[in-house]
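The values are calculated or read from the model by the stated rules, or taken from the named source; none is laboratory data. Small disclaimer: the values here were computed from a predicted structure and weren't measured. Here Cβ is always computed from backbone atoms with ideal geometry, including for glycine, and neighbour counts include all displayed protein chains. Just so you know, the surface numbers come from the protein's heavy atoms only, side chains and all, with ligands and any DNA or RNA stripped out. Shrake-Rupley method; radii C 1.70, N 1.55, O 1.52, S 1.80 Å.
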Amino acid sequence: MSEHGTAIGFAPEEIDFTASTRSARLKWVIVVNSELPPGRAVNAAVCTAVATAQAVTGLLGDEAVDANGEHYSGLPWTGCSVLAADAGQLRAIRAKAAASPGCHVADMPAVAQQIRVYADFLATMKEIPTEEMDFCAIGIVGPRNRIDKLVGKLPLMA
């Protein structure tokens, strides 16, 4: 669900595995905190990707089968750009995306990488005001033009 409670995703008739990723109505980006060390950055990106793929319908393509008949999990047919931003940019982009109708936001709050018990994470989150939340990464899916405007010219994560 989006921040506004409506489902975000692709209707079955919109899914076209023969089309370029640039032609999809929705765009998916993950923006990672550029100040994180590589291992934590990858963890944050993966966590937001899993949350996004579960919540947004139609993102994943069909499984692939190689010449020997071995099966491979379906991948995002829409593509997914992984971008970098500093902590302040990340917080600002997250706030704009969360307020934007038609956008789904999957967050990886920084506190999530500090707590090993999920119930403790949930309790800690209740103590942090939104405007004070730090993020390791955010995943955003929404209309292509809106996502392009939100992420501007952020660089790809290096």
**Prompt:** Which whole-Hz ³J(HN,Hα) couplings does the stretch 82-94 yield from phi under the Karplus relation 6.51 cos²θ - 1.76 cosθ + 1.60, θ = phi - 60°, glycine and proline marked x?
**Reply:** 10, 10, 10, 8, 6, 4, x, 4, 4, 4, 5, 5, 4
**Message:** With just the Cα atoms defining each centre, how far is the stretch 57-90 from the stretch 96-135? Give it in Å.
**Reply:** 23 Å
**Item:** Calculated FRET value between Met133 and Glu63, using beta carbons and R₀ = 30 Å, to 0.05
**Value:** 0.25
**Fill in**
Note, the stretch 54-63: 3J(HN,Hα) by Karplus (6.51, -1.76, 1.60, θ = phi - 60°), whole Hz, Gly/Pro = x, goes 6, 8, 9, 6, x, 6, 8, x, 5, 5
**Message:** Probe radius 1.4 Å, ligands and nucleic acids left out: which of Glu14, Glu63 has the largest accessible area, and how do the rest follow?
**Reply:** Glu63, Glu14
**Request:** Go through the stretch 119-126 residue by residue and turn each phi into a ³J(HN,Hα) via Karplus (6.51, -1.76, 1.60, θ = phi - 60°); whole Hz please, and just put x for glycine and proline.
**Result:** 4, 5, 4, 4, 5, 5, 4, 5
**Prompt:** Taking the structure as given and computing Kirkwood radius over Cα pairs in Å, which label from (1) 18.3; (2) 16.4; (3) 16.0 fits?
**Reply:** (2)
**Asked** Counting only protein chains, not ligands or nucleic acids, how are Ile93, Ile128 ordered by accessible area (probe 1.4 Å), most first?
**Response** Ile128, Ile93
**Prompt:** Where the only charges are on Cβ atoms (+1 Lys, Arg; -1 Asp, Glu), what is the dipole of the chain about its Cα centre, to the nearest 20 debye?
**Reply:** 520 debye
